[in-house]
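A short reminder: the numbers here are calculations on the coordinates, not readings from a lab. Keep in mind the model is a prediction, meaning the values are calculated, not measured. Note that each Cβ is placed from the backbone with ideal geometry, even for glycine, and that neighbours are counted across all protein chains shown.
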Amino acid sequence: MRVLVLGGDGYLGWPTSMHFAARGHEVMAVDNYLRRRIAQETGSEPLFPTPNLQDRATFYRQAGGRSIEVRIGDCADYRFLARVFADFKPDVAIHYAEQPSAPYSMIAYDEAWLTLHNNLTATFNVIWATMEHAPDCHIVKLGTMGEYGTPNIDIEEGWIDIEHKGRKDRFLFPRAAGSLYHTTKVLDTDLLWFYVRVHGLRVTDLMQGPVYGLSTPESDRDGRLLPNFHYDDIFGTVVNRFLVQAVAGVPLTVYGKGGQTRGYLNLLDTLQCIELAASSPAQRGELRIFNQFTETFTVNQLAEHVQIAGRAMHLAVTVQNLANPRKEREEHYYNPAHKGLAELGLEPHPMTTGILTAMLGQVIAHRDRIDARKILPRVRWS
Ligand code: USQ
C-alpha cells in the first residue's frame, strides 16, 4: 500500500511510519513540527531529544530500515496538503496531524483557538484532499475514547440503536467530551460522517484510549529512532508520567480520588490496530468506528501497578492524591465495548509488571535528564 502518515513526527506517527515501512509498504511521513514547537513554548520537552523527521528517516535507513519519504508542511494549509495527495496518491491516509493534548487546549484563548483551528482544519483538508485527489483512499483517523466521556450506560462501538416512540434508527453514540481537545475529536467525527454520507468516503475512526510505551522493534534498531517520550503535565500521558515519577522519586500524581477509569493500550497495540484497520479498509460510504484500547484501569490501579513494578526495580514509589486540575468524574460507571479490532485479529500486550519494569529500565537510563519542575499540573480546567 501507499501509506500516508500525517503527523509522522509524533509519539504515534513516527513508530507508525517505521512499522508500515518495515512491512514493505511505501510510506510518506508528513509533519510541520507543531507539537515540537508548542512543547518547547510550554517548557514540556520530552525526556530525551529526538532527531528531526528527515534525520530520523536517514538514521532508520542507515540502521537497515526501508526508505520513508518525508515532507515538512502544515496539513492545515490546503494547497500543501492537496499537493501531497496529488503527488503521492495514497491508498490509506493515517491522520494523526492534530494538537494532541487536553491540558494544552485548556490553557487560555490562544491555545484553545490553535487546537480548534488546527484540528478541524486539518481534518477538513484531509477530507477535501481525498475527495479531489485520491477519492478511493481510506482515511484512518485517530479519534479518542474521550469523545464519549463517562456516561452512566455501556459505551457502544461508535453507534447506538435507539427506539423512540415505537420507531428505531441508528445514530452516532452520544458524545460528551471533557476538554476542548477531546471536543475537537467529536467535531472531527461529525465532519467525517457528513462527508461519508454525502460523498461516499471510506473512513475508519479509531476511538483510542491513553497509550503507554517507549519502544518498538523498529525503534530498537538505534536509540535515535525512539518515539518522543513526554512526562510533563501537558504532553505526557498518565502511565508514562507515573513511570518517570517513580524513577525521579516524586510521589505519583493521582488527580483527585483516582477512580477515573479509562481504556489503555501499549504503543505496540496501537501499531497493530492501525495496521489491522488499514489492511481491511472501510467500504465506500462507510464510517467504521472501533474503540481502540485493550484494558481498563482506574488511576489508582495504575498507581498500584507502577508501585509493584517500582519495588521490583528497588525504587521506593509513593502516591499523592492532588486536587484534580481537571473537571471530570472521579468515581463512575465505565463499560465500553471493544470487539471490532479483536475480531480483526488484535493480539493485546497486557500491562504486565515485566512490561512496566522494562520501561522503568529505559527511563532509568535517562534519569539525569528528568526535570522535576515539569511534573506537577500547571493547567486547571477552571
Ligand atoms: N491523570 C492523573 N494524574 C496524572 C495525569 C493524568 O490522575 O498525572 C488522570 C487524568 O485526570 C485522567 C486520566 O489520568 O483521568 C488520563 O489522563 P491522560 O493525561 O493520560 O489522558 P488524556 O488527557 O485523557 O489524553 C490522552 C492523550 C490524548 C488521547 C486520550 C485518550 O493525550 O491524545 O486522546 O489520552 S482518552 O483519555 O481515552 O480520551
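Could you work out [θ]222 nm for the chain from helices alone, using -39500 (n - 2.57) per DSSP H run of at least four and dividing by all its residues? Round to the nearest 500 deg cm²/dmol.
Value at 222 nm, helices only: -11500 deg cm²/dmol.
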Next item on the list: Determine the percent antiparallel among the DSSP beta bridges restricted to the stretch 93-199, to the nearest 5.
Entry: 65
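For the chain, list the DSSP H helices whose alpha carbon atoms reach 24 Å or more along the long axis and whose average Kyte-Doolittle value is -1.0 or above?
Details: long enough: 109-133 (34 Å, -0.12); 180-199 (28 Å, 0.16).
In the chain, the long hydrophobic H runs are 109-133, 180-199.
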Notebook entry, point to check: If amide H atoms are built 1.01 Å from N in the plane of the peptide, which residues on other chains or at least 5 residues away come under 5 Å of the amide H of V70?
Noted result: A29
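Given the peptides 332-342, 1-11, arrange them by the average over their residues of other C-beta atoms within 10 Å, most packed first.
In decreasing order of mean packing, 332-342, 1-11 become 1-11, 332-342.
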Next item on the list: For the stretch 296-335, state what percent of all Cα-Cα pairs lands in each successive 10 Å bin, counting from 0 Å until the bin that includes the largest distance.
Entry: 25, 43, 26, 6
Check: Could you give the semi-axes, largest first, of the ellipsoid that matches the chain, computed as the square roots of 5 times the alpha carbon gyration tensor eigenvalues and rounded to whole Å?
Finding: 30, 26, 19
Next item on the list: Name the long-range amide H neighbours of Y264: under 5 Å, sequence gap of 5 or more, or other chain; modelled H, no Pro or chain starts.
Entry: T294, E295, T296, F297
Check: By DSSP, what percent of the beta bridges with both residues in the chain are antiparallel, rounded to the nearest 5?
Finding: 20
Next item on the list: Sort 151-157, 137-143, 166-172 for me by packing, meaning the mean count of neighbouring Cβ atoms within 10 Å per residue, highest on top.
Entry: 137-143, 151-157, 166-172
Next item on the list: Taking H placed 1.01 Å from N in the peptide plane, check which residues at least 5 places from H138 or on another chain put their amide H under 5 Å from its amide H.
Entry: V92, A93
Item checked: Distance in nm between pseudo-label sites at D220 and F171 (7 Å out along the Cβ direction from Cα) -> 4.7
Check: Tell me, what ³J(HN,Hα) does each residue in the stretch 134-144 have, in order and in whole Hz, if you take phi through Karplus 6.51 cos²θ - 1.76 cosθ + 1.60 with θ = phi - 60° and put x for Gly and Pro?
Finding: 8, x, 8, 5, 8, 8, 10, 10, 7, x, 8
